[in-house]
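The values are calculated or read from the model by the stated rules, or taken from the named source; none is laboratory data. Predicted model, so just to flag it, every value in this text is computed and none were measured. Positions of Cβ are backbone-derived with ideal geometry, glycine not excepted, and every protein chain shown enters the neighbour counts. To get the accessible areas, we keep the full protein, side chains included, count just its heavy atoms, and leave off ligands, DNA and RNA. Shrake-Rupley method; radii C 1.70, N 1.55, O 1.52, S 1.80 Å.
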Amino acid sequence: MKVIISTAILASFLGLASAHYAFPDLIVNGTTTADWQYVRITANKWSSAPVTDVNNQAIRCYEESYTASAPATGIATVAAGSTVGFKANNAMGHPGYFAAYMTKASPAANSASAGLGKTWFKIWDWAPTYSPSTGLVFASAGVSQVTFPIPKSLPNGQYLLRIEQIALHLSGSLNGAQFYLACGQLN
């Protein structure tokens, strides 16, 4: 009996862990790049755990190392107006809101200081829909990647591109919202 209960408890934890994800791959015009080639290595590379404290510096890019991740990551060349995105290492099992942000990278995209401060601007979002007949619907549930356009009017230069999915299933408690995020480095 103890073995059956222990197995059931373990299976429930595995189910929770499998719903978590990281974003190791950048997508550029339909081509998925290698893991961490142009995406800063995140602290959840192995665990797929979320950021839950919005006051933590991890909310910027969730880097594994604030000094080593940026210079170790390549910079993808992407034209304004191109379709870009991120591919997760697992299906995104939590309902939530998606958004993509960019910031001009100073002094460069592979600089640890890029993206500090209030320099981010939103370029895309995927919000839930609501109707009286269906209630709140998250069409993004279960997807493994998202794509969106870079603004055509974006000036040339180096940028960070940040993907963010806010899982809302535990958001009724303090630090309950789960932020899954990553930053790609672009030129």
- Task: Among 108, 22, 80, determine the one that fluctuates most according to a GNM of the chain built with springs between C-alpha atoms less than 10 Å apart.
- Result: 80
- Percentage of Cα-Cα pair distances in the range 114-161 greater than 15 Å, rounded to whole percent? 64
- Among the listed pairs 122/152; 118/152; 45/87, which are separated by more than 19 Å between their Cα atoms? 118/152
- Name all residues of the range 65-87 having a backbone nitrogen under 15 Å from the label point set 7 Å from the Cα of residue 113 along its Cα→Cβ direction, giving them as ranges. 67, 71
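If you roll a 1.4 Å probe over the heavy atoms of the protein chains, what accessible area per residue do you get for the chain, in Å²?
50
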- Message: Through the Karplus equation 6.51 cos²θ - 1.76 cosθ + 1.60, θ set to phi - 60°, convert the phi angles of the range 60-76 into ³J(HN,Hα) values in whole Hz; use x for Gly and Pro.
- Response: 5, 9, 6, 5, 5, 9, 6, 10, 9, 5, 4, x, 7, 9, x, 10, 7
- Compute the acute angle (0 to 90°) between the alpha-carbon long axis of helix 2-18 and the principal axis of greatest extent of the alpha-carbon atoms of the chain; round to the nearest 10°. 20
- Please return the longest stretch of the chain lacking exposed loop sites, where trypsin sites (Lys or Arg not before Pro) count only if DSSP places them in a loop and at most 14 other Cβ atoms lie within 10 Å. 1-117
- Task: Report the charge-dipole magnitude of the range 19-167 in Debye, nearest 20, computed about the Cα centre from +1 at each Lys and Arg Cβ and -1 at each Asp and Glu Cβ.
- Result: 320
- Query: Picking from 39, 137, 78, which is most flexible by a Gaussian network model of the chain using Cα springs under 10 Å?
  - Reply: 137
- From the P(r) of the range 37-187, can you give the percent of Cα pairs sitting at distances over 24 Å? 32
